[in-house]
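Colleague: The following block contains the structure, expressed as C-alpha cells.
The values are calculated or read from the model by the stated rules, or taken from the named source; none is laboratory data. Please read all numbers here as calculations on a predicted model, not as lab measurements. FYI the Cβ positions are ideal-geometry reconstructions off the backbone, even for glycines, and counts take in every protein chain you see. Heavy atoms of the whole protein, side chains included, go into the accessibility calculation; ligands, DNA and RNA do not. Shrake-Rupley method; radii C 1.70, N 1.55, O 1.52, S 1.80 Å.
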Amino acid sequence: MPSPPRLRPPPASVRAFLDAHFASPDDLAAAPALAELLRRECAGLDASLRRAEARLGAAAASWLARSAEARADLLRVRSRGVRVRAEDDGAEAARTVGLPALVREIQRIDTIRLYAEATLQLEALVGNLEDVAFSIVRQAPKFNLSSILRKSNETEWKQGKLLHAVDAVRDIERELVRISTSRPQWTNLVVAVDSRVDKTLSILRPQALTDYRALLASLGWPPSLSSSDTEKDKYSQIPNPLVLMNKENKERYSQSFQALCALQHVQGNRELRLCQTAEVTPALADFKYFNRTACFDNGLWAIDELVHPIASRMEYHFAKWSEQPEFIFTLVYKITKDFMDGVDDVLQPLIDRARLVGLSAKESWVTGMVKMLVGYLERQIFPALVCSYQDHATVGKPEVDSSWMHLNDVMISFDKRMQLLADSGIQKIASLSEGLSRSLSVFSIYTEHPDWLQIWADVELSSAQDKLKSEMEDETSWSCSGQHDQLGHMENSMKFLLSTREDYKAPPVCEFVIKTALSMVERGRALPNRGMQIQYNRSSSVRFLNDFFLVLRERCEALQLSNTALEDQSLSKTSCAINAARYCENVLREWDEDTTFLDMGPHGSLFTDEISFLVKLGTNYLEQILSSVLLEFEDLSWEYVQNIGSWSGQTILDDQTLDEENAGVSPGFVASLDVLTDRTTKLKRYLNSKDFLDLWRSIAEGLDYFIYSSIQWGEVSFSDPGVIQLRVDTKALLHIFRPFCSRPEAFLPFLSESLRLLTMKKSDAQGLLEVLTDDTKSDNCLKQQGLHHVNSSQAAKILSSRKFCG
C-alpha cells in the first residue's frame, strides 16, 4: 500500500501562535472564542482589501481618463505642428510662435502627471492610516479579553498598530511638506488630505489615551492617599507604582508611553506646519529624530495622564482647606516631590529612548502638577474670592483684601519651591520659551482671567495706600533736618554724584514709598509674561507712585511762596519736596535701566510719564524759589540801585581819599546783602547739592543782570570815589557766593566786566572808546581786553559814564 502523504510541519509563526494561546490543556476551552475573534479579524481584513481595490480602481479609471485627454491634447499639438511645417510662406515665423505653445502643453501634461502621482501616493498613505485607525477602534475591547488573550500580547498588538499609524502620519507629513515647498499652488490637495488626517487623529488620540489609562489602572496607579496619616494631615512617603513595576509590566508601560509620545509629536508637528510656513517647513523635512517642539511646552500627554487620576484623590483633601489654601499648596508640593525621583528614574530613560531631545521628565511632571492645581484654583478658590471682593466693596473689605494678599503670597512661595524641583530638568534645556515659563507658573491662572489680575493689583494698591497714609501723618517722616552738606570753598564733582536718600536730603517717607513700590514690582515678577507684568505694575506700583507724587505737588502748592518775602518754614518744606522729587526721579531712572523694566512701556520705559512729572515738579519750584529770592533782593535794594552813579556828587569827608580798604558797603545795600546771605545759607542747608549748585548760579546771574540793567549807563557819571564804591559793593556781593565757588566773578559777568572798563586808565579808556566807534574793529578789541559778555555798544556807554579827575 502506498504510504500516506507526509504532513508538512506548520510554519514557525503558527507554532508560536499556538504555543502562546494553548500553553496548557486548560486553554483549549478558549478555542471557540479565539476562532471567532480570528474569523472577525479576517473578515475585517477582507473588507479593507475590497475597499482598497475599489479605491485603486477608481483612481486608475480617473488616471486613464486624464491620460486619454492628455494623449488627445498631444495629438492636437502634433497635428498643429505638422500644419505649421506645411506652410510655405512665413514657415520660420510660425515655428517660432508654435514652440512656446508646445512647451506649455508639455509642461501642463507633466504637471497633470505629477499631480496624479501625488494624489495616488497620498491616497494610499491616508487609506493606510484610516485602515489602521479603523482596526484599532474596531478591535478596542468591549469586554475583558484576559481569558482569551494574554494582556502582554494585547498591549503589544495595540501599540504596534498605534506606531504603524504614527509612521503613516509621518509619511503623509513628509509628502505634504514636499508638496507645499515644491508645488504651493496645490493647496486644495493639501487641505483635503489635512481634513481626512485630522478626522483620523481625532479618533486615534482618545483611543490611545483610553488604552493608556487602562494600563495605568492595571499597574495600580494612582496610589492611595487615604491613610491614618493623611486623615491627620500628615503625609508620609507614598509608594510609587511606577518604581514597583516588574519587568513584564515595565516593558508594557514603556511601549505604551513611547507610542503615546510619538503620537503627540506627530500631531504637534502637524499643528506647527499649519500655523507656521516658511520658518517651520525646513525643520519638518527631516524626521530622523524627534525634536522638541511647541507641542510639548504644555506638558506630555503621558505624564498628564499620570496627574489626572491622582488629582481627583487630592481634591478630596483640598475641600477641607478652602479657608487655608497654604495646606493645598503644601500637599501638591509634597506629592510632586515624593514622586519626583521615581518619575525621573523611570520616565526620563523612556523620553531619551523616544529621542525627545531636551525634554525633561521632572519638568513635565512639575508642569502637570501645576496645571492640575491651577485648574482647581480656577474652579473652586478664586471664584469664591472674587464674589467676596465684589460683595464687600464697602463693608469688611480689609478681611477680603487680606485673603487675596495671603493667597498670592502662598502662590509666590509655591512657585519658587516648584521651580527648584524642576531646575535640574530645566538646566538640560539650552533656552526657555515664554510658553514654557507660563506652563511652570501657578500665576498662569491670571492669563485667562485678566479681571482677577486687576483685582489683585487693586488690592495691592489699596494696602500700600493705607500704609502710606499712616506714614505721612507722622510729620517726622517729612523731616529733612540734620542732613548738612558742607561744600567748602572749592567745588568737588564727587559731591554731586548722588545716589542715596541721604545724598539727596530727601525725607524718610520717600524711602518708604520706594521700598513699597519695589515690593509690589518684585511680587509682580512672579507673573509669567511681560504683558501681565505691565498690566499689574501700571495698576499697582505706578499708580501708587503717582499718588505720592501728587502729594508732593500739593504740599508745595499749599506753601504759596511769597513774591517779596520767604519764610523759613516755607523754604524748608519746599526744598524738602524738591529733594523728594529728585530722589524718586533718580530711583525711577535706575529702574528703567534695569532689564526687568525693559520694553515695559511704549517707549521702552515703564516710568516715562512719572519721570517727566518729577522733572517738571522740581524745576517749577526751583524757579519759584529763584523768583522769590530775586524779587526779595530787588525790593530791598531798589532805592540803592536807583542811586548808583550819584556818589560822584557826594563830598568825601575830612578830605580823605576814598579807597577800598577804608570804604564800607553802601548803607542802602547792606539789608539786601544780609537777606541774600541768609537765603543762600538756608538753601545750601535744605537743598540737595546738585539743585543748590544750579540755584545759586542762577541767583548770581539774575542779580548780575538786575544790577547791571538798572544802572542808567551813559546818563550817570562815575568819578573815582563812585567807581571805588561800586567795587566795594560788588565785592561784598561776590563774598556771599565765594564759599560755593573760587571765582564767583564768572557768574556775575556784566558787573565784573563793567568794573574792568570803569577802572581803566584815562588814556586807555579814551583809546578804547575811539576803537569802539569803528564797527569793524570793536568786537576784536573787546575780546583782546578779555571782555566776552558786553558788546561794543554797551562798552561804549560804560566808558562814556566814566568821569576822570583833572
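Colleague: Kindly state which helices (runs of 4 or more DSSP H) lie completely within the range 710-806 and contain at least 1 residues that are farther than 28 Å from residue 676 by Cβ.
Modeller: Fully inside the range 710-806 and qualifying: 762-772, 775-784, 792-800.
Colleague: For the structure I just gave you, tell me whether residue 358 is assigned to a helix (DSSP H, G or I) and either more than 30 Å from residue 466 (Cα to Cα) or over 31 Å from the mean Cα position of the chain (by Cα) (or both). Break it down into steps so the answer makes sense when it comes.
Modeller: Values: assigned to a helix (DSSP H, G or I): no; either more than 30 Å from residue 466 (Cα to Cα) or over 31 Å from the mean Cα position of the chain (by Cα) (or both): yes.
No; evaluated as a whole, the condition is false for this residue.
Colleague: Let me ask another. Would you confirm whether or not the range 397-406 contains a residue that is aliphatic (A, V, I, L, M) and in a helix (DSSP H, G or I)? Can you show your working first?
Modeller: Pass one, the range 397-406, residues aliphatic (A, V, I, L, M): 400, 405.
Next cut, in a helix (DSSP H, G or I) only: 400, 405.
Looking through the range 397-406, at least one residue is aliphatic (A, V, I, L, M) and in a helix (DSSP H, G or I).
Colleague: Let me ask something additional. Scan the range 425-448 and tell me whether some residue there is at pLDDT 90 or above, part of a loop (DSSP other than H, G, I, E, B), surrounded by fewer than 16 Cβ atoms within 10 Å (Cβ to Cβ) and in contact with a helix residue (DSSP H, G or I) (Cβ under 9 Å, 6 or more places away or on another chain).
Modeller: Looking through the range 425-448, at least one residue is at pLDDT 90 or above, part of a loop (DSSP other than H, G, I, E, B), surrounded by fewer than 16 Cβ atoms within 10 Å (Cβ to Cβ) and in contact with a helix residue (DSSP H, G or I) (Cβ under 9 Å, 6 or more places away or on another chain).
Colleague: If I filter the range 711-731 down to residues being crowded, with 18+ Cβ neighbours inside 10 Å and of a type in the set (Ser, Thr, Tyr), which single residue comes out as farthest from residue 698 (Cα to Cα)?
Modeller: 719
Colleague: Are any residues in the range 745-768 in contact with a Ser or Thr (Cβ under 7 Å, 6 or more places away or on another chain) and not acidic (Asp, Glu), and if so, which ones? Step through it out loud before you land on a result.
Modeller: So the first thing to find is which residues in the range 745-768 are in contact with a Ser or Thr (Cβ under 7 Å, 6 or more places away or on another chain), and the list is 745, 751, 755.
If the condition is that a residue be in contact with a Ser or Thr (Cβ under 7 Å, 6 or more places away or on another chain) and not acidic (Asp, Glu), then 751, 755 are the ones that fit.
Colleague: Just wondering, is there one or more residues in the range 738-761 that are hydroxyl-bearing (Ser, Thr, Tyr), at pLDDT below 95, out of contact with any helix residue (DSSP H, G or I) (no Cβ under 6 Å at 6 or more places or on another chain) and under 21 Å from residue 638 (Cα atoms)?
Modeller: no
Colleague: For the range 782-803: of the residues being more than 60 Å from the chain's Cα centre (by Cα) and modelled with pLDDT under 80, which is least open to solvent (accessible area, probe 1.4 Å)? Spell out how you get there, then give the answer.
Modeller: Initial filter on the range 782-803 (more than 60 Å from the chain's Cα centre (by Cα)): 782, 784-785, 792-803.
Then keep just the ones that are modelled with pLDDT under 80; that gives 782, 784-785.
Details: 782: 4, 784: 151, 785: 80 Å².
Among residues in the range 782-803 that are more than 60 Å from the chain's Cα centre (by Cα) and modelled with pLDDT under 80, the one least open to solvent (accessible area, probe 1.4 Å) is 782.
Colleague: Moving on. Checking residue 734 against (1) buried (at least 17 other Cβ atoms within 10 Å of the Cβ); (2) closer than 15 Å to residue 799 by Cα, which test does it fail?
Modeller: Here residue 734 meets the rest and fails (2).
Colleague: Among (1) closer than 14 Å to residue 306 by Cβ; (2) in contact with a helix residue (DSSP H, G or I) (Cβ under 7 Å, 6 or more places away or on another chain); (3) open to solvent by 20 Å² or more (accessible area, probe 1.4 Å), which single condition is residue 378 missing?
Modeller: Single failed check for residue 378: (1).
Colleague: Kindly provide the set of residues from the range 304-318 that are open to solvent by 70 Å² or more (accessible area, probe 1.4 Å) and over 12 Å from residue 370 (Cα atoms), ordered by number. Show your work before the answer.
Modeller: Going through the range 304-318, the residues open to solvent by 70 Å² or more (accessible area, probe 1.4 Å) turn out to be 308, 312-313, 316.
312, 313, 316, listed by residue number.
Colleague: Find all pairs meeting these conditions: Cβ atoms under 7 angstrom apart; at least six residues apart or on different chains; first residue within the range 401-424 and among the β-branched types (Val, Ile, Thr); second residue open to solvent by 20 Å² or more (accessible area, probe 1.4 Å) and not in a helix (DSSP H, G or I).
Modeller: Taking only residues 6 or more apart or on different chains, the pairs are 412/526.
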